1. For segment A:19-37, does any single residue satisfy the condition of being among the charged types (D, E, K, R) and closer than 29 Å to B:SER2 by Cα?
2. So B:LYS52 ticks every box in (1) of a type outside the set (A, V, I, L, M, F, W, C); (2) touching a residue at least 40 places away in the same chain (Cβ under 8 Å); (3) under 16 Å from B:SER149 (Cβ atoms) but one. Which box is left unticked?
3. Considering only segment B:2-21, state which residues are under 21 Å from A:LYS86 (Cα atoms), of a type outside the set (A, V, I, L, M, F, W, C) and assigned to a loop (DSSP other than H, G, I, E, B).
4. Search segment A:86-104 for residues being surrounded by fewer than 22 Cβ atoms within 10 Å (Cβ to Cβ) and within 28 Å of B:ILE56 (Cα to Cα), and hand back the single one that is farthest from the other protein chains (Cβ to nearest Cβ).
5. Search segment A:52-62 for residues being surrounded by 22 or more Cβ atoms within 10 Å (Cβ to Cβ) and more than 9 Å from chain B (Cβ to nearest Cβ), and hand back the single one that is nearest to the chain's Cα centre (by Cα).
6. List the residue pairs whose Cβ atoms are under 8 Å apart, where the first residue sits in segment A:154-179 and is closer than 18 Å to A:ASP7 by Cα, the second is surrounded by fewer than 16 Cβ atoms within 10 Å (Cβ to Cβ) and among the β-branched types (Val, Ile, Thr), and the two are 6 or more positions apart or on different chains.
7. Out of the strands (runs of 3 or more DSSP E) lying entirely within segment B:91-150, which hold 2 or more residues that are farther than 18 Å from B:VAL65 by Cα and among the acidic types (Asp, Glu)?
8. So for segment A:65-80 (the condition being more than 9 Å from chain B (Cβ to nearest Cβ) and under 23 Å from B:GLU60 (Cβ atoms)), does at least one residue qualify?
There are 2 protein chains.
Amino acid sequence: MSKGRDDIRRLIRTIPGFPKPGVQFRDITTLLLDRDGFAAAVEGLSAGLEEKPDLIAGIEARGFVFAAALAHQLGTGLLLIRKQGKLPGATIAEEYALEYGTDQLAMHIDACAPGASVHVVDDLIATGGSALAAARLVQRAGARLTGLSFVIDLPDLGGADLLRGQGYSVHTLVEFEGD
Amino acid sequence: MSKGRDDIRRLIRTIPGFPKPGVQFRDITTLLLDRDGFAAAVEGLSAGLEEKPDLIAGIEARGFVFAAALAHQLGTGLLLIRKQGKLPGATIAEEYALEYGTDQLAMHIDACAPGASVHVVDDLIATGGSALAAARLVQRAGARLTGLSFVIDLPDLGGADLLRGQGYSVHTLVEFEGD
């Protein structure tokens, strides 16, 4: 049975107060457990691509899930964008802002050939800080970024608009407001 | 072009001295970047299954990659086994030994229906501590564990033998000795 965006949205569980009071956490684990829901999310990501890239890049850790399934569906390779310190080879890194302080994302400097086309995937876009860091990494590595896709958009936090304002192509499947 | 186990093994890069001196780190990121190599690894994991389970369980974080692609290939749901503190809902946890100290893996207590069949996937088995913790979590949740699969086995560290000795079905794709 094929599922649509309403089903994907319904399968995402909201958990109030995680990781701290006041946050409405959008939990994709319940979507993943539903085989039709998981398949529909991957299909939705695939359908949103403007072209088939050479590589799908996934952002650690929940982004790995959707990026790996999408890469498998498309028959492309998979590029891992990880928290700084996790990759064993020579890396480039980009800092991004958290609510308090900063964090860094990294990728292997030799992960993609110059000019390779890369599409970035994560589970959720909020303020867009980590997504923007991932986009910059891919571009610094000499690849051609074809766009960024997310299962969940929190439009009140403005991340998708921020990225679009900088010229990036952004595709999202479902929205949750009030965050 | 279909690739075999020799190709999978060749595509895994060895990086000496990560994360510390004396360790030969087996880096799967180079396998993932090769679309045929990645597809061959997922196909190899699929071919090793004795039955199609209800759920594929992936262990954070590299295990998510292979588990997600395998679940997508099989058309099953995906269960995330994460580091303690990462899952937003009510969890059960299992401790396992590290070289110095301990760590914990957790899963949502309501992640699978009683009697559901679950197959655990990770990228690598070394001493088997995290794999055994994952197996126990699945069983404590009331599921039927159909087995555990790994892309890489480090047989000198004895993890696969440890699990088999406890009655678990274990499948691995390639071995690296001398670790």
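1. Applying the first criterion (among the charged types (D, E, K, R)) to segment A:19-37 yields A:20, A:26-27, A:34-36.
Of the ones still in play, those that are also closer than 29 Å to B:SER2 by Cα are A:35-36.
The answer is yes; a qualifying residue exists.
2. The failed condition is (2).
3. The answer is B:GLY17, B:PRO19, B:LYS20, B:PRO21.
4. A:LYS86
5. A:ILE59
6. Close Cβ pairs (under 8 Å, with a partner that is surrounded by fewer than 16 Cβ atoms within 10 Å (Cβ to Cβ) and among the β-branched types (Val, Ile, Thr)) amount to A:PHE176/A:THR14.
7. Numbers: elements: B:91-97, B:102-108, B:117-125.
Those strands (runs of 3 or more DSSP E) span B:91-97.
8. Taking segment A:65-80 first, the residues more than 9 Å from chain B (Cβ to nearest Cβ) are none.
Checked against the condition, which is being more than 9 Å from chain B (Cβ to nearest Cβ) and under 23 Å from B:GLU60 (Cβ atoms), segment A:65-80 yields no hits at all.
The values are calculated or read from the model by the stated rules, or taken from the named source; none is laboratory data. All values reported here derive from a predicted model rather than from experimental measurement. Methodologically, a virtual Cβ is constructed for each residue, glycine included, from the backbone with ideal geometry; neighbour enumeration extends over all protein chains shown. Side chains are part of the model used for accessible areas, which takes the heavy atoms of the whole protein and leaves out ligands, DNA and RNA. Shrake-Rupley method; radii C 1.70, N 1.55, O 1.52, S 1.80 Å.
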